[in-house]
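First comes the structure, then the notes that go with it.
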Amino acid sequence: MRENKALTEYDLKVWIQKEFEAAGITAEEGPDVAVGANASDPHYGPTAERALPIREGDFLLLDVWGKKKSPGSVYYDVTWVGYLGAKVPEKYVKVFQVVRAARDKAVELIRSSIAAGKPLQGWQVDKAARGVIEKAGYGKYFFHRTGHSIGESVHGNGVNMDGLETHDVRHLIPRTCNSVEPGIYLPEFGIRSEVDVYIDEREARVTGAVQTEILALLAS
């Protein structure tokens, strides 16, 4: 961390990487740290040359993934968002609520289908999430697939939650894991919420904490 200078997206990325190393966690590149308009690019990754400072009043997106440094370990991949202030502005809250509803709709479809023993294809999960965002009027601002397979690589070879980039007709099967990560990417900011869903024989469950509201990162 640099003294007397604003912390940048790249500084935070490097700090997270050092914390991972100390904890015995490895990752394929990343993490993604983005403020403001940079969060509107779902593939943004900060570099020392182009990183923006992180200041009070900024909207912050963190997409972090990693796994233990041991054979057979699988990845955990999660995206959370926060606001550098005591109270989150309504413009962020409004969009987050739509993204959250889309995420939860997709997760519930997976859960209910697996519990009922009902076949479910990747594109159908994407359709469930995308439908929520389209109904709210943000359809053109959601321009990537809803989720991807996760395994020993952060992007695995299994079924993707995808009806946009491809039409993935592969079925969700037991003992696999997938991300569910819808997003809305407006010109001035982007919001994504990501969870991982593990599928067992007759149960699907989110494997970690679930973000229910934007974090206010500065005390009042």
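The values are calculated or read from the model by the stated rules, or taken from the named source; none is laboratory data. Since we're looking at a predicted model, the values are computed, not measured. Because the Cβ atoms are built from the backbone with ideal geometry, glycine has one as well, and the counts that use them run over all protein chains shown. The accessibility values were calculated without ligands, DNA or RNA, using every heavy atom of the protein model including side chains. Shrake-Rupley method; radii C 1.70, N 1.55, O 1.52, S 1.80 Å.
In the chain, a dipole from Cβ-located charges (positive for Lys and Arg, negative for Asp and Glu) runs towards its positive end, and of 66, 207, 83 it is 207 whose Cα lies farthest in that direction. Pairs of Cα atoms nearer than 8 Å and 6+ residues apart set the relative contact order; for segment 148-192 it is 33 percent.
With the helix formula -39500 (n - 2.57) applied to DSSP H stretches of n ≥ 4, the chain reaches a computed 222 nm mean residue ellipticity of -8500 deg cm²/dmol. If r is the Cβ-Cβ distance from residue 118 to residue 55 and R0 is 35 Å, what FRET efficiency results, to the nearest 0.05? After rounding to 0.05, the efficiency reads 0.15.
When segment 84-189 is described by a simple charge dipole with +1 on each Lys and Arg Cβ and -1 on each Asp and Glu Cβ, the residue from 154, 171, 112 located farthest towards its positive end is 112. Direction-averaged projected area, Cα convex hull, segment 1-115: 9.7 nm², rounded to one decimal.
Charging the Cβ of each Asp and Glu at -1 and of each Lys and Arg at +1, and nothing else, the dipole of the chain about its Cα centre rounds to 480 debye. With Rh defined as the Kirkwood radius, the inverse of the mean 1/r over Cα pairs, the Rg/Rh of segment 101-144 is 1.03. Computed with every protein chain present, the accessible area of residue 112 is close to 50 Å² [probe 1.4 Å].
Length gained on full extension, residue 111 to residue 157, computed as 0.36 nm times the residue gap minus the Cα-Cα distance: 14.4 nm. For segment 21-64, the per residue solvent-accessible surface stands at 49 Å², with DNA, RNA and ligands left out and a 1.4 Å probe. The simple Förster model, with R0 at 30 Å and r as the Cβ-Cβ distance, assigns residue 6 and residue 93 a FRET efficiency of 0.75.
For residue 18, the lysines whose Cα comes closer than 21 Å to its Cα, not counting residues fewer than 8 places off in the same chain, are 5, 67, 68, 69. Residue 32 sits with roughly 30 Å² accessible to a 1.4 Å probe, with DNA, RNA and ligands left out of the calculation. Looking at segment 172-220, the accessible area is 45 square angstrom per residue; that uses a 1.4 Å probe and ignores ligands, DNA and RNA.
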